[in-house]
Amino acid sequence: MSNFSTLKPKKVLFIATRQIGDVLVTTPLISKARELWPDAEFHFLGYKGKLDMLKGNPEIAQVIETSDRPGFGEYLALFNKLFQRYDLALVTQPSDRAYLYGLVAAFHRVGILGGHPQGMANDKSKQQNAWKKFISMYTVDVDYFSQHVITEKLRLLEVFFRNPSELFSKPITVTPPIGEPLTPIIAGELTQPYVVIHPGPLTAYKRWPLAHWQHLITYLVKRGYQVVLSASPAKQDLQLNHDILSLLDEEVRKQVINTAGKLSVPQAGSLLRGAVLYIGIDTSITHLAAACNTPTITLFGATPPSNFGPWPNGFIGKQPYQLRARSQTVGNITILQGPGECVPCRKAGCLDRADSNSECLDLLEPAQVIEAIETVLVNN
């Protein structure tokens, strides 16, 4: 590995062209880059509507938004805006487009290289990665099973350290967006200690059964807590929350506040900071809860927690989690996994398609989650 520890870029571009959770997990990389280059100007390129996780981030001087499917005119405008304006681009996603943006924007690049979702070697990945390696000073290979995504991003800086082990020798922290006040209506409904629940994933194979949520919410309300249901404005998420509410007894339902689609990401951060507990599936808001230092319980199925488990703020080292454990707690995070020798498979559920169910989540009983809740509440 060549050493570029003498490189002192004046302008640096971070590129994360994916979902809001993928933007949030770049924040430890941004913080560590700031330690390396205290005088550099940092910009961030990502998709429109996906950059709220950076709101108020003190390190980012400018945010550049692009459509996830730009037309020719937008590409041209972006090309003119980016062309060779930066000394260095950090490409945090393995997509072709992210690398092309990096190639246009900067004189030097480091980047993440993708691979087969289940970790199998294949020639297609090698061919796709060849040109990316050619245009980069340094690259880091994805490992979806044993390398945490935050470690993966931080390793982009290895080449700039005389001693790369320094990267993981101090506490590593995810920076959430600054909070924004809740709407007066929602703030007024919060009259006692509350638990935030976010049941809606981007894809069906990360869902937990409706009846399990009904059981859990009923238990929490009887335990004396208000329950705040969170969701994105996406139609499927709004419907999911509606379906859960329809299963609840009238008395239980009175203690449930449905904020589905009503909160911005910074407002969601404020809600989470005030919660006694957060419970959710493998999704971006779960990472936000962890970053807000809220006690967090998250339900994992097909996804390896060793790759994408919410980062416990202040953790020192490269890997907080085991690949497989029915329950594991690190810092403020508890990860629960369902039964089965195949867990985690990193497929799209049992049928390996977005609309599939995941048997491991179907068989993750509410009793296991309630046991974890009791442990968290006793310790907090």
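The values are calculated or read from the model by the stated rules, or taken from the named source; none is laboratory data. Computed from a predicted structure; not experimentally measured. Don't worry about glycine lacking a Cβ; one is built from the backbone with ideal geometry, like all the others, and counts go over all protein chains shown. For accessibility, only protein heavy atoms count, side chains too; no ligands or nucleic acids. Shrake-Rupley method; radii C 1.70, N 1.55, O 1.52, S 1.80 Å.
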Compare the Cα positions of TRP37, PHE300, THR92 along the charge dipole of the chain (+1 at Cβ of Lys, Arg; -1 at Cβ of Asp, Glu; about the Cα centre) and return the one farthest towards the positive end. TRP37
Loop only per DSSP, at most 13 neighbouring Cβ atoms within 10 Å: give me the trypsin sites (Lys or Arg not before Pro) in the stretch 277-347, ordered by residue number. ARG326
For the chain, the longest principal axis of the Cα atoms and the Cα long axis of helix 366-379 enclose an angle in degrees, to the nearest 10, of 80
Of PHE161, PHE300, which has the most accessible area with a 1.4 Å probe, and how do the rest follow in descending order? PHE161, PHE300
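Could you please report the charge total around PRO305, scoring K, R as +1 and D, E as -1 over all other residues with beta-carbon less than 15 angstrom from its beta-carbon?
+2
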With a cut-off of at most 11 other beta carbons within 10 Å, and DSSP calling the residue loop, which chymotrypsin sites (Phe, Trp or Tyr not before Pro) in the stretch 1-91 qualify? Please list them. PHE83
Taking H placed 1.01 Å from N in the peptide plane, check which residues at least 5 places from THR66 or on another chain put their amide H under 5 Å from its amide H. GLY46, TYR47, LYS48
Taking every other residue with Cβ under 13 Å from the Cβ of SER232 and scoring Lys and Arg +1, Asp and Glu -1, one gets +1
Going by average Cβ neighbours within 10 Å, how do the peptides 32-38, 268-274 rank, with the highest at the top? 268-274, 32-38
Among [x] 57, 51, 38; [y] 56, 54, 46; [z] 63, 47, 42, the entry that matches Cα extents along the principal axes in Å as calculated here: [z]
For the stretch 42-103, the dipole about the Cα centre with charges only on Cβ (Lys and Arg +1, Asp and Glu -1), to the nearest 20 debye, works out at 100
For the chain, build the charge dipole from Cβ charges (+1 Lys, Arg; -1 Asp, Glu) around the Cα centre, then report which of LEU13, ALA211, PRO344 sits farthest towards its positive end. LEU13
Keeping all protein chains in place and using 1.4 angstrom, which order do SER306, SER95 fall into by accessible surface area, from largest down? SER95, SER306
Taking the chain as the reference, fit the longest principal axis to its C-alpha atoms, fit the long axis of helix 27-36 to the helix C-alpha atoms, and give the angle between the two in degrees, 0 to 90, nearest 10. 40
Of PRO312, ILE333, ASN357, which is farthest along the charge dipole of the stretch 299-380 in the positive direction, counting Lys and Arg as +1 and Asp and Glu as -1 at C-beta? PRO312
Any idea what angle helix 210-222 forms with the longest principal axis of the chain, computed on alpha-carbon atoms, 0 to 90 degrees, nearest 10? 70
Solvent-accessible surface (1.4 angstrom probe) belonging to ASP52, in square angstrom, nearest 10: 70
Taking just the alpha-carbon atoms of the stretch 290-356, what radius of gyration and Dmax come out, in angstrom? 12.6, 37
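Rounded to the nearest whole Å³, what is the per residue volume of the convex hull around the Cα atoms of the stretch 43-96? Intermediate values should be presented prior to the final figure.
On the way: hull volume 5.6 nm³, N = 54.
Enclosed volume per residue, from the Cα hull, is 103 Å³.
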Rounded to a whole %, the carbon-and-sulfur portion of the accessible area of the chain at a 1.4 Å probe is 53
For n ≥ 4 DSSP H runs only, could you compute -39500 (n - 2.57) per run for the chain, divide by its residues and tell me the 222 nm figure to the nearest 500? -9500 deg cm²/dmol
Given the stretch 141-182, what whole percent of its Cα pairs are spread farther than 16 Å? 51
About the Cα centre, charge dipole magnitude for the chain (Lys/Arg +1, Asp/Glu -1 at Cβ), debye: 1020
Can you work out the accessible area per residue across the stretch 1-114, with the rest of the protein chains kept in place, probe 1.4 Å, in square angstrom? 43
Work through the residues other than THR92 whose Cβ is under 12 Å from its Cβ and net out their charges, Lys, Arg +1 and Asp, Glu -1. +2
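Output the direction-averaged projected area (hull surface divided by four) of the convex hull of the alpha-carbon atoms of the stretch 229-380, in nm².
Here the figure is 9.7 nm², rounded to one decimal.
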Amide H of LEU88: which non-local residues (sequence gap of 5 or more, or other chain) have their own amide H closer than 5 Å, using H built in the peptide plane? LYS11, LEU13, PHE107, HIS108
Assigning unit charges at the beta carbon (Lys, Arg +1; Asp, Glu -1) and nothing else, what dipole magnitude in debye, to the nearest 20, does the stretch 159-225 show about its Cα centre? 280
